[in-house]
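Encoded as structure tokens, the structure appears first; notes follow it.
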Amino acid sequence: MVHNGIEYGDMQLIGEIYDLMHRLLKLDNESMQSIFSDWNEGDLDSYLIEITKDILGYKEEDGTFLLDKILDTAGQKGTGKWTGISALHESVPLTLIVESVFARSVSSQKDERLAASKVYGLAPNHPVSDPKAFVTMLGKALYAAKIISYAQGFSLIKTAGETNNWDLNLGGIALLWRGGCIIRSAFLDKISQAFTKNPMLQNLIMDPYFVQILKENHQSLREVVSAAALNGIPIPSLSAALSWFDSYRTERLPANLLQAQRDYFGAHTYERVDKKRGKFFHTNWTGRGGDTASTTYSV
């Protein structure tokens with residue numbers, strides 16, 4: 001199930017990169033095919049990159065590209081949705097994969113999208129100054145987001161394993177997927193090595209190899225997300241990857257305010273930075289309430 005969830009994320013990420021090439025850079029199918037062909041010889045070497053290259057170059061008998069004639073409504077069988085549901089049950093932030101599922105849902109609203117496009121009619125209006133450099137950034141952004149997608153997926157497997165007392169070999173799972181699955185890719189070997197070297201690894205992005213990759217590529221992801229936002233091109237999974245990365249690496253999030261709000265309206269209590277973890281407090285914020293606090297519950 002998680003394999004297929006990661007597959008949803010991978011496919012959506014590739015689709016977003018394709019959309020930026022097509023709509024923002026105005027590249028034709030042959031140019032994009034060449035780029036994906038080059039990427040398949042490097043760090044992005046994978047089955048999905050390989051078949052995307054083939055799809056971009058496929059022509060019908062009249063010499064026109066088939067891809068341009070395929071309706072932009074994506075189907076789904078449910079494994080991505082089930083992965084998201086499982087993540088909610090396990091409290092694992094599977095943001096990138098869930099966004100890829102919702103992206104398919106939005107794509108199915110074709111008639112509504114057509115109507116909205118006529119009302120808003122927004123077109124890209126912030127052209128890229130250096131298209132060649134931007135293509136390089138697209139490759140780095142895709143690689144960074146792909147790592148984050150796998151990190152989220154393996155985090156779900158690891159957490160579910162702990163919940164159910166499963167003796168899981170995460171390194172072995174990565175090698176299993178390396179053999180003949182849709183998401184098979186060269187860097188699954190690196191994932192296997194990371195979990196084999198440190199079976200207690202909390203999250204894939206904390207492995208030294210992937211730390212270095214993300215340090216090198218996260219700025220490209222930022223540039224790509226920024227360019228897409230300025231031009232009104234939807235990139236839900238790329239954006240989710242960046243937001244999750246920035247949240248995960250942030251020492252102090254604004255959840256302190258959220259907890260204060262919860263305690264204010266529902267007496268849900270809070271912990272304090274100047275007290276030991278596990279001790280909860282309630283404040284009578286208005287002076288009109290009592291000392292009764294709600295029970296503490298964490299999903």
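A few comments on the model shown:
- Some residue of region 179-197 being part of a loop (DSSP other than H, G, I, E, B), surrounded by fewer than 20 Cβ atoms within 10 Å (Cβ to Cβ) and modelled with pLDDT of 95 or more: no
Residues are listed down the side, and each one gets a yes or a no for (1) surrounded by 11 or more Cβ atoms within 10 Å (Cβ to Cβ); (2) in contact (Cβ under 8 Å) with a residue 60 or more places away in the chain; (3) charged (D, E, K, R):
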| site | (1), (2), (3) |
| --- | --- |
| GLY57 | yes, no, no |
| ILE70 | no, no, no |
| GLY80 | yes, yes, no |
| LYS118 | no, no, yes |
| VAL135 | yes, yes, no |
| LEU142 | yes, yes, no |
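- Residue list for region 19-46, filter: more than 16 Å from THR136 (Cβ to Cβ), touching a residue at least 12 places away in the same chain (Cβ under 8 Å) and surrounded by fewer than 21 Cβ atoms within 10 Å (Cβ to Cβ): ASP19, ARG23, ASN29, GLU30, GLN33, ASP45
- Counting residues in region 244-265 that are among the hydroxyl-bearing types (Ser, Thr, Tyr), surrounded by 10 or more Cβ atoms within 10 Å (Cβ to Cβ) and under 30 Å from VAL106 (Cβ atoms) gives one or more.
- Given (1) within 23 Å of the chain's Cα centre (by Cα); (2) closer than 23 Å to SER185 by Cβ; (3) surrounded by fewer than 20 Cβ atoms within 10 Å (Cβ to Cβ), number of the condition GLY75 does not satisfy: (2)
- Residue count for region 147-178, restricted to those that are part of a helix (DSSP H, G or I) and without any contact (Cβ under 8 Å) to a residue 12 or more places away in the chain: 4
- Which listed residue is closer than 19 Å to VAL225 by Cα and either in contact (Cβ under 8 Å) with a residue 12 or more places away in the chain or surrounded by fewer than 17 Cβ atoms within 10 Å (Cβ to Cβ) (or both), from ILE14, ILE6: ILE14
- Identity of the residue in region 219-253, of a type in the set (Gly, Ala, Ser) and without any contact (Cβ under 8 Å) to a residue 60 or more places away in the chain, that ends up farthest from ALA151 (Cα to Cα): ALA229
- If the condition is being in a loop (DSSP other than H, G, I, E, B) and not β-branched (Val, Ile, Thr), then region 81-103 contributes SER91, PRO93, LEU94.
- Restricting region 203-218 to residues that are in contact (Cβ under 8 Å) with a residue 40 or more places away in the chain and surrounded by fewer than 16 Cβ atoms within 10 Å (Cβ to Cβ), the residue that is nearest to LEU122 (Cα to Cα): GLU216
- Entry remark, region 219-230: residues being surrounded by fewer than 20 Cβ atoms within 10 Å (Cβ to Cβ) and polar (S, T, N, Q) number 2 in total.
- Each residue in region 52-80 was checked for being assigned to a helix (DSSP H, G or I) and modelled with pLDDT under 95, and 2 pass.
- Being over 26 Å from ARG178 (Cβ atoms) and either surrounded by 14 or more Cβ atoms within 10 Å (Cβ to Cβ) or not polar (S, T, N, Q) (or both) is a condition met by no residue of region 47-55.
- Of the set (1) surrounded by 12 or more Cβ atoms within 10 Å (Cβ to Cβ); (2) at pLDDT 95 or above; (3) outside the structural domain of PHE134 (by TED's automatic domain parsing), all apply to VAL273 but (1).
- Residue ID - surrounded by the most Cβ atoms within 10 Å (Cβ to Cβ), chosen from residues in region 276-299 that are β-branched (Val, Ile, Thr) and more than 26 Å from GLU90 (Cα to Cα): THR283
The values are calculated or read from the model by the stated rules, or taken from the named source; none is laboratory data. Since the structure is predicted, the reported quantities are computational estimates derived from the model, not experimental observations. As a convention, Cβ positions derive from the backbone with ideal geometry for all residues, glycine included, and neighbour counts pool all protein chains shown.
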